[in-house]
Amino acid sequence: MKVEDIKKVSVIGFGTMGTGITQTIAQAAYEVIARDITDDLLKRGLEMIKTGPFGLEKAVQKGKITKEQADAVLSRIRVTTDLAEAVKDADLVIEAVFENLDAKKKVFLEIDKSAPRHAIIVSNTSTLSITAMASATSRPEKVAGMHFFNPAQVMKLVEVIRGVLTSDETVETVRGLAERLGKTPIVVNRDIPGFVANRIGVPGMLEAIRLYEENVASARDIDNAMKLGYNWPMGPLELADLVGLDVLLDTAESIYMETREPKYNPPVILKQMVRAGLFGRKVKKGFYTY
Ligand SMILES: NC(=O)c1ccc[n+]([C@@H]2O[C@H](COP(=O)([O-])OP(=O)(O)OC[C@H]3O[C@@H](n4cnc5c(N)ncnc54)[C@H](O)[C@@H]3O)[C@@H](O)[C@H]2O)c1
């Protein structure tokens, strides 16, 4: 299937990423239908799209879109708890449920049963194997990774990941869709844990945390080293606080379990901070107090 044949998109999982992705797709004039498991979660997701920090009301206030455009975006979004209903007319399905391979494989199996034969299925996973998810379907050549970054409405990067059996046409169509959403796609030729951005960014943050743990320098000085010495827009510890220390720990552990490379082994202090509920910005306390 070519990118110009995509008219309807489905998003499975309407949490942090699913809502951002749904809004991004509807803003690009596509019809989109999102599925989560309860009506309450769907309601909460729609509320995020309307009034969340990167939602439509904010976009209108900032003058980025008009009220009429915001209403038109909303009118293109439908929601349901019924997975078969969500994917039955889809040309492309984006899976964005929580980061667990068994759960994702189960969702891929269900999508495969109900989506049209021509539909492409992509996963927004940050670290898990696209090839493993594809193996749960009868169309592995039509399965790829489409990894958005948080917040999906704002972040320009989309990693397009080729699984072992993904066809060139699928990669090209998903890349084309990312461009039509106003993103800058990069193609990841091999389905490795962490792909490209997390493969480089996660060990960078973990190394900064190790230096902090060993009291080599203060948090502020470690961040200044990278901001002023390497021109990073944000220091690695500030970034860890923004990503969420719980999310960083999960990501690092997932890459470590698959690769067993020591550079992805999370430092003890990161585990302790997560156990203590110091998740970073979202709870106003991590390496810094907000
Ligand atoms: N949060 C991030 O910064 C970030 C960034 C990039 C990628 N990701 C990836 O995106 C995916 C989703 O992460 P998130 O942060 O949005 O998680 P989240 O917990 O905010 O949302 C997941 C949603 O999926 C729903 N869900 C669970 N099982 C379902 C099913 N069978 N059908 C439909 N919905 C189901 C849950 O109810 C929940 O609302 C993960 O794979 C994660 O690794 C996350």
Fill in: Matching residues in region 81-93 - criterion: being within 10 Å of the ligand (Cβ to nearest atom) and buried (at least 16 other Cβ atoms within 10 Å of the Cβ)
LEU83, ALA86
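Scan region 179-198 residue by residue and report those that are assigned to a helix (DSSP H, G or I) and either at pLDDT below 95 or surrounded by 22 or more Cβ atoms within 10 Å (Cβ to Cβ) (or both). I'd like the intermediate steps shown before the answer.
Our first condition is that a residue be assigned to a helix (DSSP H, G or I); within region 179-198, this holds for 179-180, 197-198.
Across region 179-198, the qualifying residue is only ASN198.
Filter region 94-113 down to residues that are of a type in the set (Lys, Arg) and either closer than 21 Å to VAL158 by Cβ or more than 10 Å from the ligand (Cβ to nearest atom) (or both) and give me whichever is surrounded by the most Cβ atoms within 10 Å (Cβ to Cβ). Working first, answer last.
Going through region 94-113, the residues of a type in the set (Lys, Arg) turn out to be 104-106, 113.
Next, from what is left, pick out any that are either closer than 21 Å to VAL158 by Cβ or more than 10 Å from the ligand (Cβ to nearest atom) (or both): 104-105, 113.
Numbers: LYS104: 25, LYS105: 18, LYS113: 12.
Looking at the filtered set, the residue picked out is LYS104.
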Response to the item:
Of the residues in region 246-265, those that are buried (at least 22 other Cβ atoms within 10 Å of the Cβ) and either within 12 Å of the ligand (Cβ to nearest atom) or of a type outside the set (A, V, I, L, M, F, W, C) (or both) number 5
Worksheet, complete the sentence: All-but-one check, ASP71 against (1) more than 9 Å from the ligand (Cβ to nearest atom); (2) touching a strand residue (DSSP E or B) at 6+ places or on another chain (Cβ under 6 Å), failing number (2)
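Every residue, every condition in (1) in a helix (DSSP H, G or I); (2) among the aliphatic types (A, V, I, L, M); (3) surrounded by fewer than 19 Cβ atoms within 10 Å (Cβ to Cβ), yes or no:
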{"residue": "THR125", "(1), (2), (3)": "no, no, no"}
{"residue": "MET133", "(1), (2), (3)": "yes, yes, no"}
{"residue": "GLU141", "(1), (2), (3)": "yes, no, yes"}
{"residue": "MET146", "(1), (2), (3)": "no, yes, no"}
{"residue": "ALA152", "(1), (2), (3)": "no, yes, no"}
{"residue": "VAL164", "(1), (2), (3)": "no, yes, yes"}
{"residue": "GLU172", "(1), (2), (3)": "yes, no, yes"}
{"residue": "GLY204", "(1), (2), (3)": "yes, no, yes"}
Worksheet item: Among the candidates ASP246, ASP250, ASP221, which residue alone is in contact with a helix residue (DSSP H, G or I) (Cβ under 8 Å, 6 or more places away or on another chain) and at negative phi?
Response: ASP246
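Per-residue answers, yes or no, for (1) within 15 Å of the ligand (Cβ to nearest atom); (2) within 14 Å of the chain's Cα centre (by Cα); (3) closer than 19 Å to ILE255 by Cα:
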{"residue": "PHE149", "(1), (2), (3)": "yes, yes, yes"}
{"residue": "VAL154", "(1), (2), (3)": "yes, yes, no"}
{"residue": "ARG162", "(1), (2), (3)": "no, no, yes"}
{"residue": "THR173", "(1), (2), (3)": "no, no, no"}
{"residue": "GLU179", "(1), (2), (3)": "no, no, no"}
{"residue": "ARG190", "(1), (2), (3)": "no, no, yes"}
{"residue": "ALA197", "(1), (2), (3)": "yes, yes, yes"}
Discussion item. Would you confirm whether or not region 114-121 contains a residue that is basic (Lys, Arg), within 12 Å of the ligand (Cβ to nearest atom), surrounded by fewer than 18 Cβ atoms within 10 Å (Cβ to Cβ) and over 15 Å from VAL174 (Cβ atoms)?
Written reply: no
Worksheet item: Looking only at region 66-85, which residues are touching a residue at least 24 places away in the same chain (Cβ under 8 Å) and touching a helix residue (DSSP H, G or I) at 6+ places or on another chain (Cβ under 8 Å)?
Response: VAL73, LEU74, ARG76, ILE77, VAL79, THR80, THR81, LEU83, ALA84
Worksheet item: Out of all the residues in region 4-63, which are without any contact (Cβ under 8 Å) to a residue 24 or more places away in the chain, more than 14 Å from the ligand (Cβ to nearest atom) and of a type in the set (Lys, Arg)?
Response: LYS58, LYS62
Item to complete: Considering every residue within region 223-244, establish whether at least one is within 15 Å of the ligand (Cβ to nearest atom) and touching a strand residue (DSSP E or B) at 6+ places or on another chain (Cβ under 6 Å).
Response: yes
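The values are calculated or read from the model by the stated rules, or taken from the named source; none is laboratory data. On a predicted model such as this, the values are computed, not experimentally measured, just so you know. Cβ: placed from backbone, ideal geometry, glycine included. Neighbour counts: every protein chain shown.
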